[in-house]
Amino acid sequence: MTSRLEPSAGVSAQATPLIAPSILSADFAHLARDLDAVSHADWIHVDVMDGHFVPNLSFGLPIAQAVARETQLPLDCHLMIDDPERWAPDYAEFYSVTFHAEAVDDIDAAIALARTLRAAGTRAGISIKPKTPVDEVLAHLEEFDMVLIMSVKPGFGGQKFMPEVLDKVRALRERADQIWGKETDDDSADGRCLIEIDGGISADTIASAAEAGVDVFVAGSAVYQADSPNAAIDELRENARAGYSSAGHGTQNSGGLQD
Ligand code: DX5
Ligand code: ZN
C-alpha cells in the first residue's frame, strides 16, 4: 500500500462527519466576518474556478492565502480549473488540494499529480462530476486522500442535490472499508481515503448522503443563507450523525485540528 501522510503539525484526529462550509456563498467584501461566523465548522471549503473548466470565475491563490490568514480551520481547496498539473502544486501549502479527474488526461496523470501533491506535503483529492464514473478512481483508491463526489454540476452554489450520485458514494464506501476497515477510533484512520460530497447539501439532504457513507460534507448556501451559520452547521452535523446511525456506520477519525 502507498505510504500515507502523517497528520501535519498542529493537526490530529478529528471525527467524522466533517462539515466544510463553502465560502463561495460568503460575502467576499466581508470574508473575515463570514469566516468568524462559521467557527463550528471542521474545514473551510475554498472553490477555485477559472472560467474555463467551469462557466464561472471565482478567485485564486491570493484569496486562498488571505482566507488562511484569517481562520484556524484547515483549508479544503477544490480546484475547478483546467491544467491542474500547472496550478495545483501552488496550493500545497494548504491542508487539502482536490483537482478534477476531467481536467487531466487519464487516471495515470491523476495518480502522478496526486503523488506530486502528497510529496509537496498536502492531502491529494480527486473530484468527479455527476456524470463521470468512479470506476477508475475506485481501482486506485490508495493513491488519493479524498474523493470528492459532485452532487451538482460544478460552477455555482445554490443548485438542487442530485441523489443519483449516491451510488458512487456507496461504491467508494464499500471499497474504502475493504481497504482500511470499517471503523477506527485512533489516529491511524488519518490514513484512510475520505469521501466528500459537494452540491445541494442541506439539513434535508445530508442524512441520505451520510447513510450512503460520506465523510465530509460541503455546504454553501445552506450555511451562509441561514440566520445563524453556526446553528446551521450544528444541525447539518446532527442530521449527518442520524444518517450514520440509521445506516449502522460508526464515527471515524480523520485528519483535523487539535483542540
Ligand atoms: C459548486 C461548488 C460548491 C458550492 C456548493 O461548483 O463546488 O462547493 O459552493 O454550494 P451549495 O452548497 O449551495 O450547493
Ligand atoms: Zn466545491
Picking from GLU211, GLU196, GLU238, the residue that is farther than 30 Å from LEU31 by Cα and not polar (S, T, N, Q) would be GLU211
Between SER25, SER96, which is of a type in the set (S, T, N, Q), out of contact with any Leu (no Cβ under 9 Å at 6 or more places or on another chain) and closer than 29 Å to ALA231 by Cα? SER25
Out of everything in the range 140-160 that is under 23 Å from TRP180 (Cβ atoms) and open to solvent by 10 Å² or more (accessible area, probe 1.4 Å), what residue ends up being farthest from ligand 2 (Cβ to nearest atom)? GLU142
When you go through (1) free of Cβ contacts under 8 Å to residues at least 12 places away in the same chain; (2) away from ligand 1 (no atom under 16 Å from the Cβ) one by one for LYS131, which number turns out not to apply? (2)
So SER208, is it at pLDDT 95 or above and either open to solvent by 10 Å² or more (accessible area, probe 1.4 Å) or away from ligand 2 (no atom under 16 Å from the Cβ) (or both): yes
Does GLY213 satisfy the condition of being of a type outside the set (S, T, N, Q), open to solvent by less than 20 Å² (accessible area, probe 1.4 Å) and over 20 Å from TYR91 (Cα atoms)? yes
Would you pick out the residues in the range 18-27 that are out of contact with any Ser or Thr (no Cβ under 8 Å at 6 or more places or on another chain) and either open to solvent by less than 20 Å² (accessible area, probe 1.4 Å) or within 13 Å of ligand 1 (Cβ to nearest atom) (or both)? ILE19, ALA20, PRO21, SER22, ILE23, ALA26
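The values are calculated or read from the model by the stated rules, or taken from the named source; none is laboratory data. Being a predicted model, the structure only gives us computed values, none of them experimental. Neighbour counts are summed over all protein chains in view; Cβ atoms, including those assigned to glycine, are modelled from backbone coordinates with ideal geometry. Only protein heavy atoms, including side chains, enter the accessible area calculation; ligands, DNA and RNA are left aside. Shrake-Rupley method; radii C 1.70, N 1.55, O 1.52, S 1.80 Å.
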